[in-house]
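In what follows, a single structure is set out as C-alpha coordinates and then discussed.
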Amino acid sequence: MKINFRVERKARIEMLPIVDMIFLLLVFFIYAMLSMAVHHGLPVSLPVSKTAEVDKHVLLSVTVAQDGALFLDKESVRLDDLSERLKRKTAGETDVGLLLFADNRLTYQKLFTVIDQIKRAGISRISLEAEKER
(Lines give C-alpha, C1' and ligand atoms only; values in the text may rest on other atoms or scores of the structure.)
Protein backbone atom coordinates (compact mmCIF):
# COMPACT_ATOMS: atom_id res chain seq x y z
CA MET A 1 0.00 0.00 0.00
CA LYS A 2 1.33 3.40 -1.00
CA ILE A 3 1.06 6.17 1.57
CA ASN A 4 0.92 9.75 0.33
CA PHE A 5 2.29 12.29 2.70
CA ARG A 6 1.01 15.80 2.16
CA VAL A 7 3.69 18.31 2.67
CA GLU A 8 2.17 21.66 3.47
CA ARG A 9 4.04 24.63 2.16
CA LYS A 10 4.22 27.75 4.20
CA ALA A 11 2.95 30.93 2.60
CA ARG A 12 5.72 33.31 1.61
CA ILE A 13 6.00 36.72 0.11
CA GLU A 14 7.84 36.91 -3.17
CA MET A 15 10.30 39.80 -2.99
CA LEU A 16 11.34 40.06 -6.65
CA PRO A 17 8.08 41.58 -7.92
CA ILE A 18 8.11 44.08 -5.04
CA VAL A 19 11.69 45.09 -5.81
CA ASP A 20 10.82 45.44 -9.50
CA MET A 21 7.93 47.76 -8.66
CA ILE A 22 10.08 49.86 -6.33
CA PHE A 23 12.73 50.33 -9.03
CA LEU A 24 10.06 51.18 -11.58
CA LEU A 25 8.63 53.86 -9.30
CA LEU A 26 12.12 55.17 -8.55
CA VAL A 27 12.95 55.50 -12.25
CA PHE A 28 9.62 57.21 -12.90
CA PHE A 29 10.16 59.83 -10.19
CA ILE A 30 13.77 60.47 -11.16
CA TYR A 31 12.78 60.96 -14.80
CA ALA A 32 9.90 63.23 -13.79
CA MET A 33 12.18 65.41 -11.64
CA LEU A 34 14.86 65.69 -14.32
CA SER A 35 12.39 66.68 -16.99
CA MET A 36 11.03 69.57 -14.92
CA ALA A 37 12.85 72.72 -15.92
CA VAL A 38 12.59 75.84 -13.83
CA HIS A 39 11.48 78.73 -16.01
CA HIS A 40 11.35 82.14 -14.41
CA GLY A 41 10.55 84.03 -17.59
CA LEU A 42 7.28 85.06 -19.10
CA PRO A 43 5.92 83.18 -22.11
CA VAL A 44 7.47 84.43 -25.35
CA SER A 45 8.07 82.72 -28.65
CA LEU A 46 11.66 81.54 -28.20
CA PRO A 47 14.03 80.71 -31.04
CA VAL A 48 14.73 77.04 -31.76
CA SER A 49 18.10 75.31 -31.34
CA LYS A 50 19.18 71.69 -31.66
CA THR A 51 21.71 72.00 -28.83
CA ALA A 52 19.65 74.05 -26.36
CA GLU A 53 20.06 73.08 -22.71
CA VAL A 54 18.73 74.59 -19.50
CA ASP A 55 21.26 76.09 -17.10
CA LYS A 56 19.82 75.43 -13.65
CA HIS A 57 22.48 77.36 -11.71
CA VAL A 58 21.15 80.85 -12.35
CA LEU A 59 19.58 83.41 -10.13
CA LEU A 60 17.68 85.95 -12.25
CA SER A 61 15.68 86.08 -15.45
CA VAL A 62 15.04 88.86 -17.92
CA THR A 63 12.30 88.56 -20.53
CA VAL A 64 12.10 90.73 -23.64
CA ALA A 65 8.75 90.62 -25.42
CA GLN A 66 8.24 91.21 -29.14
CA ASP A 67 7.13 94.80 -28.55
CA GLY A 68 10.31 95.49 -26.53
CA ALA A 69 8.68 95.30 -23.09
CA LEU A 70 11.18 94.20 -20.43
CA PHE A 71 10.49 92.06 -17.37
CA LEU A 72 12.87 91.25 -14.54
CA ASP A 73 11.65 88.12 -12.77
CA LYS A 74 8.10 88.78 -14.08
CA GLU A 75 8.13 92.42 -12.91
CA SER A 76 7.89 95.07 -15.58
CA VAL A 77 10.98 97.30 -15.82
CA ARG A 78 12.13 100.07 -18.14
CA LEU A 79 15.29 99.62 -20.20
CA ASP A 80 16.97 102.59 -18.51
CA ASP A 81 16.29 101.13 -15.04
CA LEU A 82 17.31 97.56 -15.84
CA SER A 83 20.99 97.93 -14.95
CA GLU A 84 20.27 99.61 -11.61
CA ARG A 85 17.59 97.07 -10.65
CA LEU A 86 19.95 94.20 -11.48
CA LYS A 87 22.68 95.78 -9.33
CA ARG A 88 20.26 96.02 -6.40
CA LYS A 89 19.10 92.41 -6.79
CA THR A 90 22.64 91.05 -7.02
CA ALA A 91 24.21 93.13 -4.27
CA GLY A 92 26.65 90.97 -2.32
CA GLU A 93 26.31 87.98 -4.68
CA THR A 94 29.25 86.53 -6.57
CA ASP A 95 29.12 84.72 -9.89
CA VAL A 96 25.52 85.66 -10.62
CA GLY A 97 23.89 84.07 -13.64
CA LEU A 98 20.99 85.35 -15.71
CA LEU A 99 18.50 83.70 -18.06
CA LEU A 100 17.61 85.92 -21.01
CA PHE A 101 14.29 85.04 -22.65
CA ALA A 102 14.03 87.04 -25.89
CA ASP A 103 11.22 86.75 -28.42
CA ASN A 104 12.46 85.32 -31.72
CA ARG A 105 10.95 88.25 -33.67
CA LEU A 106 12.99 90.77 -31.67
CA THR A 107 15.51 92.86 -33.61
CA TYR A 108 19.17 92.09 -33.15
CA GLN A 109 19.89 95.67 -32.07
CA LYS A 110 17.23 95.61 -29.34
CA LEU A 111 18.67 92.36 -27.98
CA PHE A 112 22.18 93.81 -27.80
CA THR A 113 20.87 96.95 -26.09
CA VAL A 114 19.40 94.75 -23.36
CA ILE A 115 22.62 92.70 -23.09
CA ASP A 116 24.61 95.93 -22.71
CA GLN A 117 22.39 96.96 -19.80
CA ILE A 118 22.88 93.56 -18.17
CA LYS A 119 26.66 93.78 -18.53
CA ARG A 120 26.64 97.28 -17.01
CA ALA A 121 25.15 95.66 -13.90
CA GLY A 122 28.26 93.47 -13.65
CA ILE A 123 26.63 90.24 -14.80
CA SER A 124 28.72 88.32 -17.32
CA ARG A 125 27.06 84.88 -17.11
CA ILE A 126 24.17 85.37 -19.51
CA SER A 127 22.30 82.37 -20.84
CA LEU A 128 20.29 83.03 -24.00
CA GLU A 129 17.28 80.73 -23.78
CA ALA A 130 15.91 78.75 -26.71
CA GLU A 131 13.45 75.94 -27.20
CA LYS A 132 14.87 72.57 -28.15
CA GLU A 133 14.03 71.62 -31.73
CA ARG A 134 11.78 68.58 -31.91
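For L99, state whether it is buried (at least 16 other Cβ atoms within 10 Å of the Cβ), of a type outside the set (D, E, K, R) and out of contact with any helix residue (DSSP H, G or I) (no Cβ under 9 Å at 6 or more places or on another chain). Show your work before the answer.
Details: buried (at least 16 other Cβ atoms within 10 Å of the Cβ): yes; of a type outside the set (D, E, K, R): yes; out of contact with any helix residue (DSSP H, G or I) (no Cβ under 9 Å at 6 or more places or on another chain): yes.
Considered against the rule, which asks whether it is buried (at least 16 other Cβ atoms within 10 Å of the Cβ), of a type outside the set (D, E, K, R) and out of contact with any helix residue (DSSP H, G or I) (no Cβ under 9 Å at 6 or more places or on another chain), L99 comes out as yes.
Give the residues of the stretch 112-131 that are within 17 Å of P47 (Cα to Cα), modelled with pLDDT under 90 and either out of contact with any helix residue (DSSP H, G or I) (no Cβ under 9 Å at 6 or more places or on another chain) or in a helix (DSSP H, G or I) (or both), sorted by residue number.
Answer for the stretch 112-131, where residues must be within 17 Å of P47 (Cα to Cα), modelled with pLDDT under 90 and either out of contact with any helix residue (DSSP H, G or I) (no Cβ under 9 Å at 6 or more places or on another chain) or in a helix (DSSP H, G or I) (or both): S127, E129, A130, E131.
So, in the stretch 1-37, of the ones that are in a loop (DSSP other than H, G, I, E, B) and β-branched (V, I, T), which residue ends up least open to solvent (accessible area, probe 1.4 Å)?
Step by step, filter the stretch 1-37, then rank; the result is I3.
Among (1) without any contact (Cβ under 8 Å) to a residue 24 or more places away in the chain; (2) closer than 27 Å to T51 by Cβ, where does D67 come up short?
Just one mismatch for D67, condition (2).
Among the residues that make up the stretch 102-111, is at least one of them open to solvent by less than 80 Å² (accessible area, probe 1.4 Å), hydrophobic (A, V, I, L, M, F, W, C), assigned to a strand (DSSP E or B) and within 21 Å of A65 (Cα to Cα)?
Checking the stretch 102-111: at least one residue is open to solvent by less than 80 Å² (accessible area, probe 1.4 Å), hydrophobic (A, V, I, L, M, F, W, C), assigned to a strand (DSSP E or B) and within 21 Å of A65 (Cα to Cα).
Taking the stretch 122-132 as the search range and keeping residues that are over 13 Å from V62 (Cα atoms) and open to solvent by less than 90 Å² (accessible area, probe 1.4 Å), which one is farthest from the chain's Cα centre (by Cα)?
G122
Among the residues of the stretch 56-96, which ones are among the small types (G, A, S), modelled with pLDDT of 85 or more, open to solvent by 30 Å² or more (accessible area, probe 1.4 Å) and part of a loop (DSSP other than H, G, I, E, B)?
A69
List pairs: first in the stretch 109-126 and on the phi > 0 side of the Ramachandran plot, second open to solvent by less than 50 Å² (accessible area, probe 1.4 Å) and among the basic types (K, R), Cβ under 7 Å, 6+ apart or cross-chain?
none
The values are calculated or read from the model by the stated rules, or taken from the named source; none is laboratory data. Note that this is a predicted model, so its numbers are computed, not measured. Positions of Cβ are generated from backbone atoms using ideal geometry, with glycine treated the same way; all protein chains shown enter the neighbour counts. SASA here: full protein model, heavy atoms, side chains in, ligands and nucleic acids out. Shrake-Rupley method; radii C 1.70, N 1.55, O 1.52, S 1.80 Å.
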